[in-house]
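Each remark here refers to the structure printed beneath this line.
The values are calculated or read from the model by the stated rules, or taken from the named source; none is laboratory data. All values derive from a computational prediction rather than experimental measurement. No Cβ is skipped: glycine too gets one built from the backbone with ideal geometry, and neighbour counts run over all protein chains shown.
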């Protein structure tokens, strides 16, 4: 997949472009359905499958004070979109000039003149242009004027509700990882840089953890989770035990605690991951942590010994759950 950042950097002439547009935060089942239709249509007409997205997010540009965290930061979003079979990802710089484009001006200037679009495919309820004044009805009318195809993909529904990024955020905030992963069609994951912590896991509990810096990540509700984690291949050394799960190179299993560590009186949200059968120092490395199952709420314990006993129970439960959880997902 080719990546182009900024409309000014579009230099190639793309064959019969079939385009979709949106933020696509989470790259969930609804987004995947749109991408599949874009790729199918592009292949039918021997064209180019193109996704257009924005950076920064329009909501953040309009309200810079908004401290919005995303399900998929741009780099992760790009990786997931690439796995859909799309040929080209265009990241539009959402700035004052772009935000000022009206619906008709955007279609004529960007899609028709600059890209020479053959067809546009969007999701139900798509809005575009200055002040989000453009609707799918506007788009359909203008597509006929400018001579390109236009199609709206129906929403994907689960449990009677539309699959959406906002719904997934709500599920994460309640700790419903099962439903989150179902709507994403993959395990929810975060990328965190391992930083030096207070070493309570190793020194106090005998259960070492990787402490993640997750300043920009959307963390699920506080609690304990069965996880899989991918470490950089160069860091996988012989110290990984012989019983380490051979899911795929670079991936280990473990438990993660998201929360405030109330037993120790902390007041900052953190994410700590204990990896089974792995003892190497990961400080400075990026750990991709996949949330597979929620085990329990975060709890306050009367003593360190009581906490250690519970963690060992969590580890035992997580091992059993992960052994049964063998579904193969997109390799990201």
*Residue list for the range 150-179, filter: under 21 Å from residue 36 (Cβ atoms), touching a residue at least 40 places away in the same chain (Cβ under 8 Å) and not in a loop (DSSP other than H, G, I, E, B)*: 151, 153, 158, 162, 165, 168
*asked:* So, in the range 23-56, how many residues would count as being within 19 Å of residue 112 (Cα to Cα) and at pLDDT 95 or above?
replied: 12
*the range 257-284, subset at pLDDT 90 or above and touching a helix residue (DSSP H, G or I) at 6+ places or on another chain (Cβ under 9 Å), residue farthest from residue 190 (Cα to Cα)*: 276
_Residue selected from the range 26-55 under the condition assigned to a loop (DSSP other than H, G, I, E, B) and under 19 Å from residue 190 (Cα atoms), by the criterion nearest to the chain's Cα centre (by Cα)_ = 26
*asked:* Please pick out the residue among 127, 145, 169 that is more than 23 Å from residue 226 (Cβ to Cβ) and at pLDDT 95 or above.
replied: 145
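Run down 194, 163 and say which single residue is assigned by TED's automatic domain parsing to the domain that holds residue 257, within 21 Å of the chain's Cα centre (by Cα) and surrounded by 20 or more Cβ atoms within 10 Å (Cβ to Cβ).
Details: 163 fails: assigned by TED's automatic domain parsing to the domain that holds residue 257.
So the residue among 194, 163 that is assigned by TED's automatic domain parsing to the domain that holds residue 257, within 21 Å of the chain's Cα centre (by Cα) and surrounded by 20 or more Cβ atoms within 10 Å (Cβ to Cβ) is 194.
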_Restricting to the range 287-311, count the residues that are under 30 Å from residue 185 (Cα atoms), modelled with pLDDT of 90 or more and surrounded by fewer than 17 Cβ atoms within 10 Å (Cβ to Cβ)._
2
